[in-house]
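In what follows, a structure is listed as structure tokens, so that the remarks can point back to it.
The values are calculated or read from the model by the stated rules, or taken from the named source; none is laboratory data. Since we're looking at a predicted model, the values are computed, not measured. Positions of Cβ are generated from backbone atoms using ideal geometry, with glycine treated the same way; all protein chains shown enter the neighbour counts. Heavy atoms of the whole protein, side chains included, go into the accessibility calculation; ligands, DNA and RNA do not. Shrake-Rupley method; radii C 1.70, N 1.55, O 1.52, S 1.80 Å.
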Amino acid sequence: VTSPCKILKCNSEFWAATSGSHHLGTEEAPEFCTALRAYAHCTRRTARTCRGDLAYHSAVHGIDDLMVQHNCSKDGPTSQPRLRTLPPGDSQERSDSPEICHYEKSFHKHSAAPNYTHCGLFGDPHLRTFTDTFQTCKVQGAWPLIDNNYLNVQVTNTPVLPGSTATATSKLTIIFKSFQECVDQKVYQAEMDELPAAFADGSKNGGDKHGANSLKITEKVSGQHIEIQAKYIGTTIVVRQVGRYLTFAVRMPEEVVNAVEDRDSQGLYLCLRGCPLNQQIDFQTIRSAQATEGRARRKGPSLPVPPEAFTYETATAKCREKLPVEDLYFQSCVFDLLTTGDVNFMLAAYYAFEDVKMLHSNKDKLHLYERTRDLAPGNTAPSGTPLTLWVALLCLSQCWLCLL
């Protein structure tokens, strides 16, 4: 499933070689040009496999522009010496950034604080929308998570096992659109085993505009956890790689969430509208299917077998190690262990909830207990209701029958 296009590796190598170089004196120009030529050479090596990749084309154009800006010749050495970093106190922070590039200062100077919302995607995959609905979806292939006037987020979900209906996020693309005097258009792209700490053009902030530092990337854990702050729209994005797959979480003001010019296209905006009904999965239905698969496997090896077999009891015990509250994150963990056999999905659910605790503005809504999808005809019980509650209700009903 892994893409042969290695543009993210080229971007990371260039950034590592040129950290802080835009602030260096003219004496460092030869070293910068050397790194640029190495960057160009890297993109040429992966050109054939990157023809349809947006990040690749962005990098190629960016290299040409930088070559011109720094008067670099295309011929010369291509080794990548590590350039000196910025001295203490001489950071990319720009204290004189225009007020328009700080959302809370510019949009809400004389009014109440903005209402922040949260959306997250993790696991097999499970979606928590901006309205706190919770769904488990199929959504195989490329799907838009966010698409508004300021940014676009698209995920690609691929099967966890050959022939399996279980999917997980293997690729993520975020496009920050150019905004006034704050930021240039920036593309961030991550995929399995490639979680860069820079945008596709190798930069870590919003470009050359006056308020460029209102958009920046911070690497929290190398190769596992990055955070993107977009202060000009009051937005924080967290991307993680857990096991082989990616998780996504965002905190965004309601005003930005709803900034969509074409209201008719909002149906494709998963974080806002949720997954289409025909893409949603019901836990109870899947549980029945798992029982059917178990019988089928005993008759013959026609269905894919997870790498580690979990029973309902062992899956719940494993999930309880990290998720003691039996909410929908706990149930998602159990569901994923049963469908994939991959213990990393337990960690994905755990970190997804940790991101909710950090990003959600209403601490009373951190835990969710009821599923929100419409039930198909014949389904009379919300599948997100804790199993223990249904057992208790069943026992109560039996007791009443005995008394009668």
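Quick look at the values:
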item	result
Partners for LYS231 among lysines (Cα-Cα distance below 24 Å; same-chain residues under 8 apart left out)	LYS105, LYS109, LYS177, LYS186, LYS204, LYS209, LYS216, LYS220, LYS357, LYS363
Relative packing of peptides 60-68, 4-12 - highest average C-beta neighbours within 10 Å first	4-12, 60-68
Computed label-point distance, nm, for sites ARG44 and ARG320 using a 7 Å Cα→Cβ extension	6.2
Protein-only accessible surface order, largest first, of GLU99, GLU194 at 1.4 Å	GLU99, GLU194
